[in-house]
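One structure below.
The values are calculated or read from the model by the stated rules, or taken from the named source; none is laboratory data. As the structure is a prediction and not an experimental result, all values here were calculated from the model. With ideal geometry, Cβ positions are generated from the backbone for all residues, glycine too; neighbour counts draw on all protein chains shown. Side chains included, ligands, DNA and RNA excluded: accessible areas come from the protein's heavy atoms. Shrake-Rupley method; radii C 1.70, N 1.55, O 1.52, S 1.80 Å.
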Amino acid sequence: MKLVLLGISALLPLLYLGLLLDYGATFLLQSRTTGRTPWLWGVVGLHGGFLAAQIFYLDHPPLQGGAALMGLLAFCTALVYLVVELATGERRTGAFMMVPVLLFQYGATLLGTAQVGTVAPQPEWLGLHVPPALLAFVGLTVSAVYAALHLALRRNLKRHHVGVFFDRLPSLDLLATMSWHSLLLGFGFLTLAIVTGAVYFGPTAGVSALFDGNPWLAAKVAAGVVAWLIYLATVVGRFAGSWSSGRISRFSLTGFCAVVVVLGLSAIFP
Amino acid sequence: MNISVTGINHREASVGERERLSLSEEDARTFLHDTTHSGLLNEALVLDTCNRTEIYFVKGRKDAGPRRVMEHACRITGTELPSADMIYQYAGLDAVNHLFRVAAGLDSQVVGEDEILGQVKDAYSQAHSAGSTDVLLNKLLHRAFRVGKRVRTETLLSQGAGSVPGAAVELARQMFSRLEDRSALLIGAGETAETAARALLDAGVGYLAVANRTLERAEELADRLAADVDRSAEWRTTPCGMRTPRERGMCPALTGLFQKSDSGERSSKEKPSTPTFRTMELDDVPESISGFDVAISSTGAQGHILPRNGSLDSLSSLPAPLLMVDIAVPRDIDPQVGELSNVFLYNIDDLDALVEKNQQRRRKEISRAEAIVEEEAERFRRWMDVRRVVPTIKELRARMEELQQAEIEKYGDNFEPSDREDLEKFARSLCRKILHEPITYLRQAAEDSTDGEHVAAAEAVRDIFDLED
């Protein structure tokens, strides 16, 4: 079993490299710019199966150590991109998404034996809190990237600057849609991460534990709640207030700033 | 190389002269039939577009020169032969080069335009159906399609709009992924508006409204556009009964988690299902404009049709952006309208600048496109040269077959019937092996030949094997 896992771990960066080359050709040659990429599903499916096999092998989700987290980040990023591509049928940004995926997975494979061999004890809540938190982070990061591209294209069009780079990217409305779908995904998982975090801390430590001698934890929770409220306002604004795509993109970027604070504080207080 | 071309185009002949010589589909069919059935030409193809009338041909009879061919075409159209300084002619490799440049869009009025490749394909389809093409033109035209495709995929020659209406559509595409789900408003019903409307319909816009001071003119324009799209004028409806997608609350880009999308490349030439048309009066425009995604204005009005006042401030809070293109001079739309946050306003100077930028980019690509044309022309030349040695190769094979049969007949009786099959196999195999080197030598000589060496090679082989001339 260990050999199989090591083999798949070595194979994954190659598969993602192949995807990167495919999407790179799409961006540079502007061919097959729309449609779906069946072998992306295959690779993400294989990666998901690999993670599931690790859970079975280790008896817990692989969440400890740099290699494990990098592998999870790679999977989450690829999964978020898969959802966005399925939702919009747009392939031109795939190359940009595959770069961090490849880097994360390559790093995970290099640090790799730790990813496959560790059978260290692990708190139960990690498995319920960390994966949704990672998916939330990735989804909201992807949303912020598309939002930034959307706003940059908006600005260029407003100023009548039409450049070669933006010619190759999706249209304004598609960038907004891609940002929106990623935001919805990220917001959903952020909600889940906050709930699972609260469920762990609520009964075991009490709300007061947040504020007694745990300033970093308090700051992290506060930033998380602020981020959640910003995204909640965005979602409500879109559905009930018919907010424009420009405003949604600005809120996505603002929420992302709060997410970065949460992530930074998570590193200090894991 | 027997291929030639003769014709007139936009460089030397005015539109009036091109009109006179223009061959309709019927005329072209008659020309192809008459010239090939009479033996004047072995193969022929007519390429007739708004910018050129060209005839590609392979001579049949010795008197089938470019002038004779052109005279025949003029006889069919009932016109006089154009003056000699308007007519051009190319033969051999020059004719091949010319066709490849035409297919690549290098000879077009707007360099790199896309339509010409489709027109060349249509011309080939017509000639092929008429039975006026054979090995040479079939190969040549397929090579021309390949050249056209290579230039369009390997260079940026065809990228970017080359005209003002095209630039407006290009802007719309930068903002909206699917024009089929978008609505456009034309303010004005003149020639410029019609050109812009056709560009939008070609791009696939799903809903088109025409606003004009005189409703009848708007309806006439809508009639013409609808007739071109679906051959019927059954588009009319009460103005208030036909709401735009935006008015119906559809913002396709932000709804539908899993939208169906094309599995392959979206061609700008693919027409959508029949678009919806609507007309309105000019006075209704300020009130209705928020229901549209694209508005193109080109009236002859002296003042602003859309002044910046309170009624347009609501455009700032639109959920999706509004592209406004003001082609009119003096401008129809108050420039201050462009300051509203969701409005993207472009005037004629902006579009001209965009077109010029695209043209500059295309001009930089010309040398790359010419290199592709040269490469493919050389490839075609080598194919032609190899063909020249084909008769020699055929005769060589036939001669060897004769010898083989003669020897089998002579010595076959010395063998048992059961061994005769082996004898024949042996004879065939031996002949193939003997011929392999000379045939390879001939083909190689033809491919590498730059100055007729393949002719000397063929003659040498004929001498060695005693083939008849």
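Among the numbered conditions (1) outside any loop (DSSP other than H, G, I, E, B); (2) open to solvent by less than 50 Å² (accessible area, probe 1.4 Å), the only one that B:Ala301 does not meet is (1).
Within region B:315-327, the presence of at least one residue that is over 38 Å from the mean Cα position of the chain (by Cα) and part of a loop (DSSP other than H, G, I, E, B) is confirmed. Of the residues making up region A:244-262, just one is over 12 Å from A:Trp180 (Cα atoms) and either within 13 Å of another protein chain (Cβ to nearest Cβ) or polar (S, T, N, Q) (or both), namely A:Thr254. The residues on offer are A:Ala25, A:Ala52, and the sole one that is out of contact with any helix residue (DSSP H, G or I) (no Cβ under 9 Å at 6 or more places or on another chain) and modelled with pLDDT of 85 or more is A:Ala52. A residue that is open to solvent by less than 40 Å² (accessible area, probe 1.4 Å), at the interface with chain B (Cβ under 10 Å from one of its Cβ atoms), touching a strand residue (DSSP E or B) at 6+ places or on another chain (Cβ under 8 Å) and modelled with pLDDT under 90 can be found somewhere in region A:160-172.
Elements of the type helices (runs of 4 or more DSSP H) sitting completely within region A:1-107 and holding at least 2 residues that are farther than 18 Å from A:Pro132 by Cα, in contact (Cβ under 8 Å) with a residue 12 or more places away in the chain and polar (S, T, N, Q): these cover A:2-29. Of the helices (runs of 4 or more DSSP H) lying entirely inside region B:118-233, those containing at least 2 residues that are under 28 Å from B:Ala371 (Cβ atoms) are B:135-154, B:164-175. The residue pairs whose first member lies in region B:215-227 and is farther than 15 Å from B:Thr192 by Cβ, whose second member is of a type in the set (Asp, Glu) and open to solvent by 50 Å² or more (accessible area, probe 1.4 Å), and whose beta carbons are closer than 8 Å, counting only pairs six or more residues apart or on different chains, are B:Leu215/B:Glu281; B:Ala226/B:Glu234.
Filtered by the rule that a residue be open to solvent by 10 Å² or more (accessible area, probe 1.4 Å) and more than 14 Å from every other protein chain (Cβ to nearest Cβ), region A:80-96 gives A:Ala95, A:Phe96.
More than 23 Å from A:Leu184 (Cβ to Cβ), surrounded by fewer than 21 Cβ atoms within 10 Å (Cβ to Cβ) and either within 14 Å of chain B (Cβ to nearest Cβ) or among the β-branched types (Val, Ile, Thr) (or both), is that true of A:Ala10? No.
So for region B:176-188 (the condition being farther than 30 Å from B:Ser288 by Cβ, over 19 Å from the mean Cα position of the chain (by Cα) and more than 14 Å from chain A (Cβ to nearest Cβ)), does at least one residue qualify? No, because not a single residue in region B:176-188 is farther than 30 Å from B:Ser288 by Cβ, over 19 Å from the mean Cα position of the chain (by Cα) and more than 14 Å from chain A (Cβ to nearest Cβ). Scanning for something farther than 23 Å from A:Leu172 by Cα and either open to solvent by 50 Å² or more (accessible area, probe 1.4 Å) or under 16 Å from the mean Cα position of the chain (by Cα) (or both), does region A:19-34 turn up at least one residue? Checked against the condition, which is being farther than 23 Å from A:Leu172 by Cα and either open to solvent by 50 Å² or more (accessible area, probe 1.4 Å) or under 16 Å from the mean Cα position of the chain (by Cα) (or both), region A:19-34 yields at least one hit. Look at region A:220-243: where a residue is closer than 22 Å to B:Ser316 by Cβ and a partner is open to solvent by 50 Å² or more (accessible area, probe 1.4 Å) and part of a helix (DSSP H, G or I), sitting 6+ places away or on another chain with Cβ atoms under 6 Å, you get A:Thr234/A:Phe251.
Just name the residue that is surrounded by the fewest Cβ atoms within 10 Å (Cβ to Cβ) out of those in region B:339-350 that are within 8 Å of another protein chain (Cβ to nearest Cβ) and not in a loop (DSSP other than H, G, I, E, B). Of everything passing the filter in region B:339-350, B:Asp350 is surrounded by the fewest Cβ atoms within 10 Å (Cβ to Cβ). For region B:133-163, the set of residues classified as open to solvent by 30 Å² or more (accessible area, probe 1.4 Å) and within 14 Å of chain A (Cβ to nearest Cβ) consists of B:Lys149, B:Arg150, B:Arg152, B:Thr153, B:Glu154, B:Leu156, B:Gln159, listed by residue number.
Of all residues in region B:351-361, exactly one satisfies the criterion of being under 24 Å from the mean Cα position of the chain (by Cα) and open to solvent by less than 10 Å² (accessible area, probe 1.4 Å), namely B:Asn358. Tell me, yes or no, whether region B:371-382 has at least one residue that is assigned to a helix (DSSP H, G or I), charged (D, E, K, R), within 14 Å of another protein chain (Cβ to nearest Cβ) and open to solvent by 50 Å² or more (accessible area, probe 1.4 Å). Within region B:371-382, none of the residues are assigned to a helix (DSSP H, G or I), charged (D, E, K, R), within 14 Å of another protein chain (Cβ to nearest Cβ) and open to solvent by 50 Å² or more (accessible area, probe 1.4 Å). Looking at (1) within 14 Å of another protein chain (Cβ to nearest Cβ); (2) open to solvent by less than 60 Å² (accessible area, probe 1.4 Å), which is the only condition B:Lys364 fails? With (1) within 14 Å of another protein chain (Cβ to nearest Cβ); (2) open to solvent by less than 60 Å² (accessible area, probe 1.4 Å) applied to B:Lys364, the lone miss is (2). A count restricted to region B:116-132 and to residues that are open to solvent by 20 Å² or more (accessible area, probe 1.4 Å), touching a residue at least 40 places away in the same chain (Cβ under 8 Å) and not aromatic (Phe, Trp, Tyr) stands at 5. Total residues in region A:38-69 satisfying the condition of being open to solvent by 50 Å² or more (accessible area, probe 1.4 Å) and under 14 Å from A:Ala10 (Cα atoms): the figure is 1. Of all residues in region B:90-102, at least one satisfies being open to solvent by 70 Å² or more (accessible area, probe 1.4 Å) and assigned to a strand (DSSP E or B). Selection within region B:315-338: residues that are within 12 Å of another protein chain (Cβ to nearest Cβ) and at pLDDT below 90. The member of this set that is surrounded by the fewest Cβ atoms within 10 Å (Cβ to Cβ) is B:Ser316.
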